[in-house]
1. If you go through segment 6-40, how many residues are over 18 Å from Asn209 (Cβ atoms), crowded, with 18+ Cβ neighbours inside 10 Å and not aromatic (Phe, Trp, Tyr)?
2. Starting from residues that are part of a helix (DSSP H, G or I) and without any contact (Cβ under 8 Å) to a residue 40 or more places away in the chain, keep the ones in segment 167-186 and report whichever is least open to solvent (accessible area, probe 1.4 Å).
3. Check off (1) without any contact (Cβ under 8 Å) to a residue 60 or more places away in the chain; (2) surrounded by 15 or more Cβ atoms within 10 Å (Cβ to Cβ); (3) farther than 23 Å from Val8 by Cβ for Lys189 and give me the number that stays unchecked.
Amino acid sequence: MTIDLYYVPTSPPVRIVRLVAAAVGIPLNLKLVNLKAGEQLEPEFLKKNIQHAVPTIDDNGFYLSESRAIAIYLVDKYAKNDELYPKDPEARALVNQRLFFDATTLYQRFIDYYFPVIFAGASFDPAALVKIDEAFGWLDSFLEGQEYLAGNNLTIADLALVAGVSTYDSFDYDLSKYENVVRWYSHLKKTAPQYDQANGNGVEELRANSAVLLRK
């Protein structure tokens with residue numbers, strides 16, 4: 001059983017899917033999409049994802065996009081147990097809260113701060129940086145006194161957020177102010193299944209390009 005993943009290696013949402021697939025033990029058939037060439041707008045790709053974005057998976061004719069939805073699907077369908085995404089309503093709700101925090105707060109604030117500089121040549125907005133600092137303060141509080149973000153073991157919340165935190169790291173955002181985040185991040189880099197292959201290599205490619213993207 002192999003699932004096709006339409007991807008670009010540097011994408012944080014793509015890296016979420018790759019991390020979760022590695023944790024579940026699902027092989028992925030990686031299909032690189034050349035966004036600059038517009039391959040995501042070709043009719044064959046639009047049949048799979050009308051939003052013309054990566055990540056997109058093709059699981060034997062079942063197409064799905066949105067990284068966190070894909071993560072939940074992979075665990076629900078293929079995981080041997082529910083550790084990564086618990087079935088207990090309260091435990092699952094906590095994982096969901098962290099996932100929504102990742103999507104709507106931490107990653108969104110990355111977009112708000114960095115994308116205008118990358119794509120529109122704007123200057124950095126100090127107020128947007130303050131919002132990032134606020135979000136990392138909350139993340140640091142989530143990790144107070146615990147090893148993982150949503151319980152006593154690794155969940156898809158950790159895998160989603162480590163993709164985002166490592167993206168900030170690749171743009172040299174100063175994580176040192178957040179002791180719990182630094183501890184957790186270091187632990188995930190050492191223990192998440194296939195971390196380098198699924199996330200680290202893409203992060204390093206992004207790091208190599210970040211100076212160019214920010215026109216430093």
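1. Kept after step one, since they are over 18 Å from Asn209 (Cβ atoms), are these residues of segment 6-40: 6, 16-31, 38-40.
This time we only want the ones that are crowded, with 18+ Cβ neighbours inside 10 Å, so: 6, 16-24, 26, 28, 40.
Now drop any that are not not aromatic (Phe, Trp, Tyr), which leaves 16-24, 26, 28, 40.
The number of residues fulfilling the criteria is 12.
2. At the first step, the residues of segment 167-186 found to be part of a helix (DSSP H, G or I) are 167-170, 179-186.
Of the ones still in play, those that are also without any contact (Cβ under 8 Å) to a residue 40 or more places away in the chain are 169, 179, 182, 185-186.
Values: Asp169: 35, Glu179: 141, Val182: 63, Tyr185: 16, Ser186: 43 Å².
Applying the filter and picking the extreme gives Tyr185.
3. With respect to (1) without any contact (Cβ under 8 Å) to a residue 60 or more places away in the chain; (2) surrounded by 15 or more Cβ atoms within 10 Å (Cβ to Cβ); (3) farther than 23 Å from Val8 by Cβ, Lys189 is out only on (3).
The values are calculated or read from the model by the stated rules, or taken from the named source; none is laboratory data. Model, not experiment: these values are computed from the prediction. When we count neighbours, we look across all protein chains shown, and the Cβ atoms used for this are built from the backbone with ideal geometry, even at glycine. Quick note on the areas: whole protein, heavy atoms, side chains included, nothing else; ligands and nucleic acids left out. Shrake-Rupley method; radii C 1.70, N 1.55, O 1.52, S 1.80 Å.
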